Every structure is written in C-alpha cells, then in structure tokens.
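> Below: one structure in structure tokens.
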C-alpha cells in the first residue's frame with residue numbers, strides 16, 4: 001500500500017470550514033482507481049493539517065499525483081483557506097495496524 005501526505009496550513013479561525021470542504025473533496029477520492037481510504041489530522045491551535053490518502057498500488061497513487069488534474073482540482077477548493085503553499089510527500093506503507101473505530105467529524 002502507498003500513501004500521499006499533503007501538509008497544509010489553514011487559518012485556525014477557518015479550520016472548521018476547511019474541514020467541511022475537505023470532507024466533500026475527499027469523498028470524491030473514493031471514485032479513483034486503487035483508493036483505499038484517508039486520514040486527516042489537524043492541530044487546531046496552529047491550523048496545520050496533514051491529509052493522508054491510501055492507495056493500493058504505487059501506480060494508482062501516481063495517477064493522482066500533485067501534477068494531475070484530479071489533485072489540482074481537489075486542492076483548488078481549499079486554496080481560499082490556506083495560509084501557505086501545500087507540501088506533498090509520497091510514502092510506502094511498511095507497517096500497519098487496524099484502527100478500531102472510524103471518527104465521524106460532525
């Protein structure tokens with residue numbers, strides 16, 4: 001399994017709005033070939049957000065890389081909330097354990 005970690009910085013005052021937009025955007029990721037899920041981590045004090053998407057194969061992840069139309073369209077929806085340019089890193093999952101419960105952000 002492979003991941004893409006996108007680090008963004010959002011105004012802490014607009015974080016809730018950004019999370020709602022990201023939920024909608026990430027739901028469209030499930031339509032991409034090889035998509036396996038995602039995590040979104042946030043520091044509410046600083047507005048730093050890590051979005052981790054999981055992909056079955058490296059080739060699936062590469063099709064949605066930072067230069068793809070899919071990625072550019074997705075990140076463009078968050079641009080109004082960003083205080084810095086996003087940083088993108090790709091990794092291979094080398095160790096994994098099961099997460100017991102899905103978190104529902106209401």
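All of the numbers you see were taken from the coordinates with simple rules; none came from a lab. Values in this document were obtained by computation on a predicted structure and should not be read as measured data. Heads up, the Cβs are rebuilt from the backbone with ideal geometry, glycines too, and the neighbour counts pull from every protein chain shown.
> If r is the Cβ-Cβ distance from residue 11 to residue 70 and R0 is 22 Å, what FRET efficiency results, to the nearest 0.05?
On the way: r = 26 Å, r/R0 = 1.16.
With R0 = 22 Å, the Cβ-Cβ based efficiency is 0.30.
> Here is a follow-up. Consider a paramagnetic label point 7 Å from the Cα of residue 100 along Cα→Cβ; state which residues of the stretch 18-60 have an amide N under 14 Å from it.
none
> Report the extension gain between residue 20 and residue 93 in nm, rounded to one decimal, defined as 0.36 nm multiplied by the number of residues separating them, less their alpha carbon distance.
Values: separation 73, 0.36 × 73 = 26.28 nm, distance 2.70 nm.
Using 0.36 nm per residue and subtracting the Cα-Cα distance, I get 23.6 nm.
> Per DSSP helix of 4 or more residues, -39500 (n - 2.57); summed, then divided by the residues of the chain. What does that give at 222 nm, rounded to the nearest 500? Can you show the working numbers first?
On the way: 3 runs with 29 residues, N = 106.
Result for the chain: -8000 deg cm²/dmol, rounded to the nearest 500.
> Counting residues in the chain as N, plug N into 2.2 N^0.38 Å and put the Cα Rg over that result.
This ratio for the chain stands at 1.04.
> Would you mind checking the tilt of helix 15-29 against the longest principal axis of the Cα atoms of the chain, expressed as 0 to 90 degrees and rounded to 10?
Helix 15-29 sits at roughly 20 degrees to that axis.
> What is the distance, in nm, between label points placed 7 Å from the Cα along the Cα-to-Cβ direction at residue 62 and at residue 28?
Using points 7 Å along Cα→Cβ, the separation is 2.4 nm.
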